[in-house]
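Here is the structure we will look at.
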Amino acid sequence: MSTITCKAAVAWGAGEALVMEEVEVDPPNSMEIRIKVVCTSLCRSDVTQWESKTAVPLFPRIFGHEASGIVESIGEGVTEFKEGDHVLTVFTGECMTCKHCSSGKSNMCQILGLERRGLMHSDQKTRFSVRGKPVYHYCAVSSFSEYTVVHTGCAVKISSTVPLEKICLLSCGVAAGLGAAWKVADINKGSSVVIFGLGTVGLSVAQGAKLRGASRIIGVDTNPQKYEKGKIFGVTDYINPNDCNEPVQQVIKRITDGGADFAFECIGDTGMITTALQSCCDGWGLTVTLGVPKVNPEIAAHYAQFLSGKTLKGSLFGGWKPKSDLPLLVDMYLRKEIQIDEFITHNLPFEDINKAFNLMREGKCLRCVIHMPK
Ligand SMILES: NC(=O)c1ccc[n+]([C@@H]2O[C@H](COP(=O)([O-])OP(=O)(O)OC[C@H]3O[C@@H](n4cnc5c(N)ncnc54)[C@H](O)[C@@H]3O)[C@@H](O)[C@H]2O)c1
Ligand SMILES: [Zn+2]
Ligand SMILES: [Zn+2]
């Protein structure tokens, strides 16, 4: 196996437009696979990390973590995948053996969990370089490249009948929202639910809540364009905080007789976690936070929120064990039990990837699917 030279969208600095570069992609090491990326969608987490001036600067870097592709080659010891297999990448892996993977209670793999240093889990090195300079990875996926190398534990095999240009959304945002509703909150029939942020993640929570028979799904978003889309996924009431004469939590408490059963923070604003907690009912109100904040990482809440019986939970990837659980969601999509296509508002060729970043920053898209050259 040899090095592949291909095009990748490289970020050279925080918030700087990505540059199409010729990069060298190493062959996969032991227990790794090299993937030809077919489609990758842009998730808010890519934008947040790329824009961040406070994070440790890891540049040059290749972002992208919501992706589908085809196995191009396999490293030593790989038996689970073969050349030509269709796969989804996963930004948090599953080794199947560590304490968390074998617990049945957690998806926080101790070996292949969220990778923050921009390196491969196995040897703490990169598999990309540009003009001899190493290029950092992102979340052990880096799908804004025609080819990428991932650990076998960070990919899931899927049937070749599944449309790769749609299913890439299950690789992060849609699965994260559905899991928050089903696995983390375990929403029951007749519940009242409030969702802060109606992007793909928030609207996936709405879809999950609707399928569980929630009676009321209140969507809170400062961008009124999100409401029309919200109706498709089950949002029954819309609140724009900018149109309210009182704090949004008061409005929610009034219309839900003391607070919602469940609240979800899907914006990436820690201040909104406080608001979400305040919007829940006493006794059993549960707030689930999914957002990744751009600034102010600390959460503030009055202790009385908890004395009154409320709970605050967080979740990564909706609590799903990626390898064990993702195939079930793919099957649900094939049986038309969950909607995915409806989240795709834009499609762009790879060379226009910066346009996708602009669409998301301007609040004009849900998911933009980026198509790699054939
Ligand atoms: N926990 C996870 O596993 C996981 C997975 C994917 C994404 N995320 C995070 O979830 C969040 C949502 O992701 P997304 O891709 O849906 O993002 P998005 O940008 O598409 O959606 C966010 C929505 O929040 C709205 N919003 C922004 N500020 C607001 C405010 N002050 N009040 C009300 N609404 C406001 C925006 O108008 C937008 O509709 C991000 O922080 C992302 O990083 C977490
Ligand atoms: Zn994501
Ligand atoms: Zn593990």
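The values are calculated or read from the model by the stated rules, or taken from the named source; none is laboratory data. Predicted model only: the values in this text are computed from it and were never measured. Cβ: placed from backbone, ideal geometry, glycine included. Neighbour counts: every protein chain shown.
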Would you tally the residues in segment 338-368 being in contact with a strand residue (DSSP E or B) (Cβ under 9 Å, 6 or more places away or on another chain), more than 21 Å from I232 (Cβ to Cβ) and charged (D, E, K, R)? 3
For segment 219-242, enumerate the residues that are of a type in the set (S, T, Y) and touching a helix residue (DSSP H, G or I) at 6+ places or on another chain (Cβ under 8 Å). T222, Y238
Unique residue being within 16 Å of ligand 1 (Cβ to nearest atom) and exposed (fewer than 15 other Cβ atoms within 10 Å of the Cβ) when the list is T54, T48, T79: T54
Would you confirm whether any residue within segment 18-36 is surrounded by fewer than 24 Cβ atoms within 10 Å (Cβ to Cβ) and within 16 Å of ligand 1 (Cβ to nearest atom)? no
Can you tell me how many residues in segment 208-228 are under 24 Å from K183 (Cβ atoms), part of a helix (DSSP H, G or I) and either in contact (Cβ under 8 Å) with a residue 60 or more places away in the chain or among the hydroxyl-bearing types (S, T, Y) (or both)? 1
Selection over segment 111-167 where residues are part of a helix (DSSP H, G or I) and farther than 19 Å from E94 by Cβ yields a count of 3
Per the filter on segment 87-117, residues within 8 Å of ligand 3 (Cβ to nearest atom), of a type in the set (D, E, K, R) and farther than 27 Å from C168 by Cβ are K99
Count of segment 85-105 residues which are in contact (Cβ under 8 Å) with a residue 24 or more places away in the chain and more than 16 Å from ligand 2 (Cβ to nearest atom): 7
Does F306 fit the bill of being in contact with a Pro (Cβ under 7 Å, 6 or more places away or on another chain), at negative phi and not polar (S, T, N, Q)? no
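Here is a yes/no grid of residues against (1) of a type in the set (S, T, N, Q); (2) at pLDDT 95 or above; (3) surrounded by fewer than 24 Cβ atoms within 10 Å (Cβ to Cβ):
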position: S142; (1), (2), (3): yes, yes, no
position: T161; (1), (2), (3): yes, yes, yes
position: G177; (1), (2), (3): no, yes, no
position: W182; (1), (2), (3): no, yes, yes
position: G213; (1), (2), (3): no, yes, yes
position: R216; (1), (2), (3): no, yes, yes
Selection over segment 252-271 where residues are under 24 Å from N188 (Cβ atoms) and out of contact with any Leu (no Cβ under 6 Å at 6 or more places or on another chain) yields a count of 13
Condition met for C101 (surrounded by fewer than 21 Cβ atoms within 10 Å (Cβ to Cβ) and assigned by TED's automatic domain parsing to the domain that holds V141): no
Mind checking which pairs have a first residue in segment 66-78 that is outside the structural domain of V25 (by TED's automatic domain parsing) and at pLDDT 95 or above and a second that is more than 16 Å from ligand 1 (Cβ to nearest atom) and not hydrophobic (A, V, I, L, M, F, W, C), Cβ under 6 Å, 6 or more apart or different chains? none
Here the qualifying pairs (Cβ atoms under 7 Å; residues six or more apart or on different chains; first in segment 37-49 and closer than 16 Å to G202 by Cα; second in a helix (DSSP H, G or I) and within 8 Å of ligand 1 (Cβ to nearest atom)) come out as L42/M360; C43/G173; R44/M360
With the structure loaded, tell me whether I195 is in contact with a helix residue (DSSP H, G or I) (Cβ under 7 Å, 6 or more places away or on another chain), more than 30 Å from D85 (Cα to Cα) and away from ligand 1 (no atom under 13 Å from the Cβ) or whether it fails that test. no
Which of (1) within 21 Å of the chain's Cα centre (by Cα); (2) over 22 Å from Q49 (Cβ atoms) is the odd one out, the single condition L307 does not satisfy? (1)
Does M108 satisfy the criteria of being within 23 Å of the chain's Cα centre (by Cα), within 16 Å of ligand 1 (Cβ to nearest atom), aliphatic (A, V, I, L, M) and part of a loop (DSSP other than H, G, I, E, B)? yes
Subset tally (residues that are surrounded by fewer than 24 Cβ atoms within 10 Å (Cβ to Cβ) and assigned to a loop (DSSP other than H, G, I, E, B)) for segment 61-76: 2
Residues in segment 239-256: is at least one surrounded by 24 or more Cβ atoms within 10 Å (Cβ to Cβ), more than 16 Å from ligand 3 (Cβ to nearest atom) and more than 19 Å from G177 (Cα to Cα)? yes
Just for helices (runs of 4 or more DSSP H) wholly inside segment 297-374: which have at least 3 residues that are in the same structural domain as P163 (by TED's automatic domain parsing) and surrounded by 13 or more Cβ atoms within 10 Å (Cβ to Cβ)? 353-361
